[in-house]
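Report on the following structure.
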Amino acid sequence: MHRRRATVMVDIVVSSLVVLAACAARPPNAGRSSTTAPHRSPVATSPVSSASTTTAPGAVPTLGQLAGAFSGGEGFGQVEPSKIFNGGDPTGLVTDVVWKSWGGASATGTGISDYVGPGQVVATGTEETATVVAFDLGMCGDKLMYRAVEWYYPQHGMTFRPQQYEDICTGAYMPSA
């Protein structure tokens, strides 16, 4: 009886080790969509240095972080967010964002935002397709992220202007006003 119980216990231990080894070999995101809501980064209370550019192997960047002027926003600190809101008026909101790329030097996607043309006020803006560009990939503190984002409307002759953006590492508009 004791020998059979010992054999059963060994079989259980070996089976458990096989299961644990299989789990350890599986990537943490295997079987999950890349649009799964990730853990949100805590709100930064002060600007964070972005001097470092060393990245961890296999690290997936987030879209900045909740910081500064954008601490009340949405989408920051997330991977491939479907909604980006800088906390301002409707021109600072992009919804239904579909990313065409993510993880490279820049990420691009399209979404819906409030277009306000020349001579218009925000209240008369219209919802239109916007091109979203997340760029300046690097470290902000100890996190890999796109440290800048901007959106524009190519159908109105607009182009991507990397010198005008939201610094989503420190939470400031660039160039500063």
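Note on the range 77-91: among residues that are in contact with an Asp or Glu (Cβ under 9 Å, 6 or more places away or on another chain) and modelled with pLDDT of 95 or more, the one that is farthest from Tyr115 (Cα to Cα) is Pro81. Scanning the range 64-89 for residues that are in contact with a Ser or Thr (Cβ under 9 Å, 6 or more places away or on another chain) and part of a strand (DSSP E or B) yields Ala67, Ile84, Phe85.
Given the criteria closer than 17 Å to Gly64 by Cα, touching a residue at least 60 places away in the same chain (Cβ under 8 Å), in contact with a Phe, Trp or Tyr (Cβ under 9 Å, 6 or more places away or on another chain) and hydroxyl-bearing (Ser, Thr, Tyr), does Tyr146 qualify? Answer is yes for this residue. For the range 149-167, the criterion of being modelled with pLDDT of 95 or more, on the phi > 0 side of the Ramachandran plot and not hydroxyl-bearing (Ser, Thr, Tyr) is met by at least one residue.
Here the range 90-138 is the region considered, the condition is being among the aromatic types (Phe, Trp, Tyr) and assigned to a strand (DSSP E or B), and the residue that is farthest from Tyr165 (Cα to Cα) is Trp99. Identify, please: which residue in the range 68-127 is under 21 Å from His156 (Cα atoms) and among the small types (Gly, Ala, Ser) and is, among those, surrounded by the most Cβ atoms within 10 Å (Cβ to Cβ)? Step by step, filter the range 68-127, then rank; the result is Ser113.
Of the candidates Tyr152, Tyr173, Tyr146, Tyr115, the single residue that is within 22 Å of Ala59 (Cα to Cα) and of a type in the set (Ser, Thr, Tyr) is Tyr146.
The values are calculated or read from the model by the stated rules, or taken from the named source; none is laboratory data. Fair warning: this is a prediction, and the values are worked out from it, not measured in the lab. Please note: Cβ atoms are built from the backbone with ideal geometry, for glycine as well, and neighbour counts cover all protein chains shown.
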